[in-house]
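Beneath this line is the structure, given in structure tokens, with notes to follow.
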Amino acid sequence: MSSASTDHPTRRERLRQQTIDEIKQRAFELVDADGAHELSIASVGKAMGMSPPALYRYFPSREALLEALVVDAYADLGSTVASAAQKGSDQEAPARVALIAQAWRRWALTHPRRYGMLFSDRSPAAQDPPEGVVAVNQGMLPLLAALREIAPPSSGTGGPFEESLLRWGKAIGAPADIMPRALRLGVLCWSRVHGLVSLEIAGAFDSMGLDGELLLAAEIETVVGQAGA
């Protein structure tokens, strides 16, 4: 058997992957239009001109399809944030934190239904796919790297909270010598960005006459100030 036969997908495999990609594309279109709660195998089949039994050959359930979409959306969000951090790699750490936060916001506002799919529209019992967690952490790691430059060393107590932060940092691939303070600020920064973006998507700032971009910039200034204190 030649090596070519094992190195390259067969025509059948290529066609199957093309069909999977099209299914996910149509499913994302449905999510973007009506939200993840309206997604079903039947609705995707109708959009593609395929019967539900035919789609089950590619995704055995709605949950399996939704999981694939979650992985892809996390990957897109993570790579978008990582790309923004890379483009600003020659800037000072506070500026990189701001770039990362604004990149997260822009992705969420561009894909509000996908953002809802990731963080609010799934069942409370739904677990994030491990591949999705790894993918979205492409954006968290540059944030931690920037905060690590800003945050001074701390003399922590080594209590349960700091231990949990260190376990989390190790799990996502943060540098082994990162201090709990930087990890805590990373979680704090992410929670504030996520909270503000979620409120902006919901239209909470419209009646207040507040600009979401300026509000986020001010909040990041606060986080960075706390990091350096």
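The values are calculated or read from the model by the stated rules, or taken from the named source; none is laboratory data. Note that the coordinates shown come from a computational prediction; the quantities given were computed from them, not determined experimentally. Heads up, the Cβs are rebuilt from the backbone with ideal geometry, glycines too, and the neighbour counts pull from every protein chain shown.
Brief remarks on what is shown
- Pairs with Cβ under 7 Å, 6+ apart, first in region 29-50 and outside the structural domain of GLY116 (by TED's automatic domain parsing), second polar (S, T, N, Q): LEU30/SER43; GLY45/SER51
Residue by residue, here is whether (1) in contact with a Leu (Cβ under 9 Å, 6 or more places away or on another chain); (2) buried (at least 18 other Cβ atoms within 10 Å of the Cβ); (3) not small (Gly, Ala, Ser) holds:
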site	(1), (2), (3)
ILE20	no, no, yes
LEU30	yes, yes, yes
GLY45	yes, yes, no
VAL71	no, yes, yes
LEU77	yes, yes, yes
ALA85	yes, yes, no
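- For region 105-120, the criterion of a residue being under 22 Å from GLY173 (Cα atoms), buried (at least 18 other Cβ atoms within 10 Å of the Cβ) and in contact with an Asp or Glu (Cβ under 6 Å, 6 or more places away or on another chain) is satisfied by no position.
- Residue within region 33-44 that is in contact with a Pro (Cβ under 7 Å, 6 or more places away or on another chain) and within 30 Å of GLU221 (Cβ to Cβ) present: no
- Note on region 103-135: residues that are under 14 Å from LEU199 (Cα atoms) and hydroxyl-bearing (Ser, Thr, Tyr) total 2.
- Residue in region 207-221 that is out of contact with any His (no Cβ under 6 Å at 6 or more places or on another chain), in the same structural domain as ALA84 (by TED's automatic domain parsing) and more than 30 Å from GLY35 (Cα to Cα) present: yes
- Residue pairs whose Cβ atoms lie under 6 Å apart, sitting 6 or more positions apart in sequence or on different chains, and linking a residue in region 124-135 that is buried (at least 16 other Cβ atoms within 10 Å of the Cβ) to a partner that is part of a helix (DSSP H, G or I), are GLY132/VAL70; GLY132/VAL71; GLY132/TYR74; ALA135/TYR74; ALA135/ALA75; ALA135/GLY78.
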